[in-house]
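So the structure is just underneath, and the comments pick up after that.
The values are calculated or read from the model by the stated rules, or taken from the named source; none is laboratory data. Values in this document were obtained by computation on a predicted structure and should not be read as measured data. Methodologically, a virtual Cβ is constructed for each residue, glycine included, from the backbone with ideal geometry; neighbour enumeration extends over all protein chains shown. Surface accessibility is based on the protein's heavy atoms, side chains included, excluding ligands, DNA and RNA. Shrake-Rupley method; radii C 1.70, N 1.55, O 1.52, S 1.80 Å.
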Number of protein chains: 2
Amino acid sequence: MKRFFFFLILIPVLLHGQDDNLTQFVNPFIGTDRMGHTYPGATVPFGMVQLSPDTDTIPYETGGKYNPDVYKYCAGYQYDDKTIVGFSHTHFSGTGHSDLGDILLMPTTGKLQLNPGTAGAPEKGYRSCFSHDTEIASPGYYAVTLEDHNIRAELTATTRTGIHRYTFSEGGDAHIILDMIHGIYNYDSKNVWTFLRVENDTLVTGYRQTNGWARTRTVYFAIAFSKPVESYGFANFSPAQVYRGFWRRFDQRTDFPEAAGAKIRGHFDFSTVPGEQITVRVALSPVSTAGAVDNLISEAPTSDFASVREAARLTWEKELGRVRVKMMNRDQTVNFYTALYHAFLSPTVYSDTDNGYKGLDQNTHYAEGFDNYTTFSLWDTYRALHPLFTVIQQKRTADIVNSMLAHYDQSVHNMLPVWSHYANENWCMIGYHAVPVIADAIVKKIPGFDYGRALEACVTTARNGWYDGLDDYMRLGYVTDERTGSSVSVTLEYAYDDWCIAQADGVLREKLFNSDTSLAGEFLRRSQNYRNVWDASTGFMRPRLADGGFRKEFDVLSTHGQGFIEGNAWNYSLYVPQDPEGMISLMGGRKRFVEHLDSLFTMDLPDSYFAETEDITREGIIGNYVHGNEPSHHVPYLFNYAGEPRKTQYRVRQIMDAKYLPAPDGLSGNDDCGQMSAWYIFSALGFYPVAPGSDRYDLGSPLVKEAVINLENGKSFSVSAVNQGPGNVYVKKVELNGQKLDRLWIKHDEIMQGGHLVFYMK
Amino acid sequence: MKRFFFFLILIPVLLHGQDDNLTQFVNPFIGTDRMGHTYPGATVPFGMVQLSPDTDTIPYETGGKYNPDVYKYCAGYQYDDKTIVGFSHTHFSGTGHSDLGDILLMPTTGKLQLNPGTAGAPEKGYRSCFSHDTEIASPGYYAVTLEDHNIRAELTATTRTGIHRYTFSEGGDAHIILDMIHGIYNYDSKNVWTFLRVENDTLVTGYRQTNGWARTRTVYFAIAFSKPVESYGFANFSPAQVYRGFWRRFDQRTDFPEAAGAKIRGHFDFSTVPGEQITVRVALSPVSTAGAVDNLISEAPTSDFASVREAARLTWEKELGRVRVKMMNRDQTVNFYTALYHAFLSPTVYSDTDNGYKGLDQNTHYAEGFDNYTTFSLWDTYRALHPLFTVIQQKRTADIVNSMLAHYDQSVHNMLPVWSHYANENWCMIGYHAVPVIADAIVKKIPGFDYGRALEACVTTARNGWYDGLDDYMRLGYVTDERTGSSVSVTLEYAYDDWCIAQADGVLREKLFNSDTSLAGEFLRRSQNYRNVWDASTGFMRPRLADGGFRKEFDVLSTHGQGFIEGNAWNYSLYVPQDPEGMISLMGGRKRFVEHLDSLFTMDLPDSYFAETEDITREGIIGNYVHGNEPSHHVPYLFNYAGEPRKTQYRVRQIMDAKYLPAPDGLSGNDDCGQMSAWYIFSALGFYPVAPGSDRYDLGSPLVKEAVINLENGKSFSVSAVNQGPGNVYVKKVELNGQKLDRLWIKHDEIMQGGHLVFYMK
């Protein structure tokens, strides 16, 4: 009891010093080198606008051949690059494929150039050299000096607007280039249409329509200049249109207030005096240019850059303040808050200030009673990011579920989102992992959405026979190797997703919601389908043929062509989060399982297996355990289920220490819209959701010395690690609210009720 | 007084027999051969949908070279053709350039073919041979037998929907092809994007986005089948998209409910028994597929083809009943009501049933207090079509003006429409002829729009210096030859348009509306600018150079390169409708003018001048007077101003007799959205608006024996021609309401008050 009071009083004191300056610990450059695929630019939490520098213009294909270098540019920025092409307004954070990079602005001086130039010869285009010495990046703010033009460029943002402030140090002829061709991936080839209107001498509107990862995507914009444009012009870089007839009567290239075509670049010209600043406000909209103008007026009505920057910072302070930690050193604090920062970038708001948004059916809808979100990288984020949101972003969790249900209502496929962005389903990766997100929210009783309707959407999604082998799966109990090259991964993930439906159904029946009582049985049976791809002869999950036999050729180390996706048999065979005990038993019992798991972390993976994939580097791997990709994220916690919690404790600390470094190249794999970061946040706090859809978090080994989670219900849940130290990775004892905990997990409700979790380390 | 009562009683009796069957006199095939550019398909008055057969697929260019044959296909149909490609839902009536032909459906049997085939080898595609023997066309209804497939196809329409009924005579495998590539002009090359969703087994939605005459045009649609689709599929005929990634997992070609790409054709398959009918309802929307579905539900909620057909017929009866005539013979009656039919096709409704429409700024707007219209072929229609509407379509005139004002509000150029369609300004032809339409409506006191706002829009439009030489014109009093090849035509038409502004201003001041009193002076001065291109040395209007001199090379007979557009110096030099007396004086007085005008009609135009233009045929010409194009439409009435009304009477009867024939090739030039037809209607009634913007109609020689104009104010105005006969073209005396008329014109108010105009013929 004495200790109980100690923490009640002391923790707030201990953590108070950081109260109003958590943003100092965020380093947006973490992950911008090599595999992290993060961007350093300005954005607010879950903002529609991600205003960030793009450092190259590599096309997805050259002469019809995939260009492997493009992969580095998923977020537009690579830390090693020496030039900046410009600042575009939309970026994914941490994805392994891309799109976006819309509406690029670039300030220049001197001779007007309408092509971007190349990294090797930046002087031949509008791009500029830059140095990291002049760069500043902090939550909601980015600045850099564009050396070729002697311009200081600063960026900040609101939810739906990006604000640029350009200081023209030398003055003279200035141009602001508006490149509507520029984009990330498929550079120069994915534009379908662009439209531009110079509404008056300080306001420009338009849209960019693309056919990329999102098949049919349109971004509408409104651009306001703080100073009247003196002259302007356009060029259309697409082949001449067939019939232009009477348009030829006007010179549309110069000072003609409207342009449209597949590939347009524009320029806006100003005379400047030395040191003059021009502020440019850019609002986006998913609906219309009118929506963009409304967003501009609502969110950035004036050109007061400093105020917007400060508001962005304060918004970040508030969001980061949801978890206050004391770590062992500043590097860890930086890692933690940068992870929290990255976790709060996606999904992104996708509606105007009037709640209008473009739906999957390409019609305009209005979000009633919720904020609409997009960018659902669900194969990644269902694992830890959305569970994290069930703890510290409950309001947004309901918004996200409602957004998914709207997607479902608009889906002609009767599907919840798989990987969706900007009113498009891109079908990336496998499974139907909106289901675990929704089931987790139901099981954890997150308020704010219709549970019955949500469960119905899950069930309908899971019964869509046409989808990726689901008919096989429902008929045979597994997806056949003939059907897809990822048949084992798909089978395992369907089984897990199905278990989530059963869990949600169980909760709803308990609460007397209107739910089909036969559902739990159906989906619990389906959740055991993982057994159907288990090959006892090899001890691995293995591709199975339509005739019931296993495929002959089988390489358990290769990531390619072995029935898995983004993982090999070693890693993926452990993907039974819904039934670890069943899996352990299948694999020969606890002892053999632990030996197997140890081997995963200690074996020496031959070099040849690294060359075959673009996602994984040596740095992302421990033995054959791949942390740089998601399928194994729960694996270190599986030792708990085999009676070896110390091995879990060791491995999670090892991963936190080795795979998360406070440097541009500090992330060992794609951050994947915050999933990698969410793994770190949970693990640093000492617990992890092995199977979202349950209310259980498995205990690991905390990295924090102390932490307070400030819940939306006004309560707080604190974590302390007594005797914490770099070498003290093992947990001697755990107390919850002063009582010794005789289990290796805590329950969601125990967090939500507020309380104190104390780890005694050794 | 006795005669007065005679007509009061007798005319209704005389005309009563036609009351409920005016549609029998409409022959939609008139103008479908050669130059008329009309279409024979199904539509309702001013309908958004014009559902009509397209008989070929000639591209605008072949190998980068203009294909002159394309011109014939402005309305999609040429009477001489032997095959029908299918039935598309949008068509211009009578234009001299084109676009549209959206959303083509074609029913077929047997083997599925997704290409249209060619006229020479129809069996190699989905098109079919047909014979005029099986064709029926009447207002709101079209039918034809598709011989290659043994299908009877019938079409009808509501304002926003087209209804197809296909009778599969032999039964068996049936397909309905949905060709989203098909279009009129730029076949196969103007598609920007297409989108398609099979919402369920009887409903398909989507859109087609094109870059043609309208630069950025999207037509949304919803298609409902009366019978569930058994299977379906798509093919995208555009080059493979760069990145399709995970889409490859699904076979999108067959039974995949969604497709998008630049060039998509789909098919919907059915099994049919002999004689089975399938009805297909297609709704369009300018806004969204949701709008199209709403339109479908509102206007064609069931597949009851017969009811829709009957409703369309009744709508036409009502509209045609606005003028009831007794002609000398049935051919004239057919000509008259077909002209009235053609006059009531354009402009077209361009808003959903909820009043939503796409504006010029590409945003969705809602028409408040008016119906929104598009398809403004104003260079043609301001002359007689819109004046006709001021008499018999006053409600629509207000809607049209309000639509133009909305266009103006949305115009980044601060311009009223020039030639606009489908939320686009195509800038076709010259002048700013929304001004005479609006001024005419003000002068004639048409209720239902804001006169002050309308005049302001006219003035702003007329002061836009950047527009087509207007800066020259405002500075020098004429548009220079250096500026544009049509400098004389442009100058003359600006001068006329400017006079209209002065007239409207005059009316507004008189009525104490809030109007700038200096306007009339400014624009009356401008209206005299026609004098600045008058070359006394040749006796013609002539291109003038920036230095003030006339251009040396000058061919008064050629239509090309002489400073005019769609007319030669002989015809166009007479274009001073606002000041005939001034012009006559300039040209040497009445006597010389009459001689000159006589020459125009009697001279022998050398053959070489016919070859040079695509608009004019020998049939469209009398001497050198060109009725097949618009600039001379007022010319026959100019004899009135020179004291020779008999010559006017002779020429207008000659033109009505010779240039309007009740046959497919009966129109001597493009009907131009009803302008040619409106000329006929007015002239047949015995009066014509030489200068819209005044309240005056010049008297000619009526072709009717009797006519009653049923006005929207409940009154009626009747016309009688006593002693009418084929040879009795001269007017001995005219009485208005029983009083001898001692002038050669009547006033708009005299019509609107109701009354009786009697021509005594000899």
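Table for the structure above
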{"quantity": "Calculated on alpha-carbon atoms, Rg and Dmax of the protein assembly as shown in Å", "calculated": "37.6, 123"}
{"quantity": "Loss of accessible area when A meets B, both sides summed, Å² nearest 100, probe 1.4 Å", "calculated": "4700 Å²"}
{"quantity": "Distances in nm from B:Lys111 to the matching label points in the other copies, shortest first (labels 7 Å along Cα to Cβ)", "calculated": "6.1"}
{"quantity": "Helix B:590-602 axis, angle to chain B major axis (alpha carbon atoms, nearest 10°)", "calculated": "30 degrees"}
{"quantity": "Using a 7 Å Cα-to-Cβ projection, A:Lys124 label spacings across copies, nm, ascending", "calculated": "4.5"}
{"quantity": "Using θ = phi - 60° and Karplus 6.51 cos²θ - 1.76 cosθ + 1.60, couplings along the range B:622-635 (whole Hz; Gly, Pro as x)", "calculated": "10, x, 10, 6, 9, 8, x, 10, 7, x, 9, 4, 8, 4"}
{"quantity": "The range B:303-448 - percent of accessible surface contributed by carbon and sulfur, probe 1.4 Å", "calculated": "47 percent"}
{"quantity": "Radius 13 Å from Cβ of B:Trp534, net charge of other residues (Lys, Arg +1; Asp, Glu -1)", "calculated": "+1"}
{"quantity": "Simple Cβ-charge dipole of the protein assembly as shown, Lys/Arg +1 and Asp/Glu -1, about Cα centre, in debye nearest 20", "calculated": "1600 debye"}
{"quantity": "Packing-based order for B:413-426, A:531-544, A:400-413, using average beta carbon neighbours within 10 Å, highest first", "calculated": "B:413-426, A:400-413, A:531-544"}
{"quantity": "Against the rule of thumb 2.2 N^0.38 Å, how large the Cα Rg of the range B:335-427 comes out", "calculated": "1.07"}
{"quantity": "Ellipsoid semi-axes in whole angstrom, largest first, where each is sqrt(5λ) of the Cα gyration tensor of the range B:683-749", "calculated": "19, 15, 12"}
{"quantity": "Amide H contacts of B:Ser377 (H built 1.01 Å from N, under 5 Å, at least 5 apart or other chain)", "calculated": "none"}
{"quantity": "Phi-based couplings in Hz for the range B:530-540 (Karplus 6.51, -1.76, 1.60; Gly and Pro marked x)", "calculated": "4, 5, 6, 10, 7, 10, 4, 5, 9, x, 9"}
{"quantity": "Apportionment of accessible area to carbon and sulfur, the range B:12-138, percent (1.4 Å)", "calculated": "53 percent"}
{"quantity": "Global size of chain A as Cα Rg and Dmax, reported in angstrom", "calculated": "26.2, 87"}
{"quantity": "Calculated from backbone phi, Karplus (6.51, -1.76, 1.60) coupling profile of the range B:420-431 in Hz, x at Gly/Pro", "calculated": "10, 8, 6, 6, 9, 9, 9, 6, 5, 6, 10, x"}
{"quantity": "Pairs from A:Lys591/A:Lys647; A:Lys395/A:Lys444; B:Lys591/B:Lys647 whose Cα-Cα separation, in the structure shown, is over 20 Å", "calculated": "none"}
{"quantity": "Inter-chain shielding of A:360-366 (mean C-beta neighbours from other protein chains, 10 Å cut-off)", "calculated": "5"}
{"quantity": "Where GluC sites (Glu not before Pro) fall in DSSP loop in the range B:515-586, at most 10 other Cβ within 10 Å", "calculated": "B:Glu553"}
{"quantity": "Long-range HN-HN contacts of B:Val690 with modeled amide H, under 5 Å", "calculated": "B:Asp698"}
{"quantity": "Calculated label separations, A:Lys740, copies of the chain, 7 Å along the beta-carbon direction, nm", "calculated": "13.0"}
{"quantity": "Taking the convex hull of Cα positions in the range A:423-558, its mean projected area over all directions (nm²)", "calculated": "9.5 nm²"}
{"quantity": "Extreme residue, positive dipole direction of the protein assembly as shown, given options B:Thr134, B:Thr353, A:Tyr478 (C-beta unit charges)", "calculated": "B:Thr353"}
{"quantity": "Relative pair counts by distance (%), Cα atoms of the range A:124-208, 10 Å bins", "calculated": "13, 36, 42, 9"}
{"quantity": "Degrees separating the helix B:487-510 axis from the principal Cα axis of chain B, which is the longest one", "calculated": "80 degrees"}
{"quantity": "Other-chain or far-sequence residues with amide H under 5 Å of B:Met541's (modelled H)", "calculated": "B:Asp535, B:Ser573"}
{"quantity": "Lys/Arg +1, Asp/Glu -1 at C-beta; the range A:322-442 dipole; positive extreme among A:Cys428, A:Ser411, A:Ala439", "calculated": "A:Ala439"}
{"quantity": "Residue-normalised accessible area of the range A:352-449, given per residue in Å² at a 1.4 Å probe", "calculated": "20 Å²"}
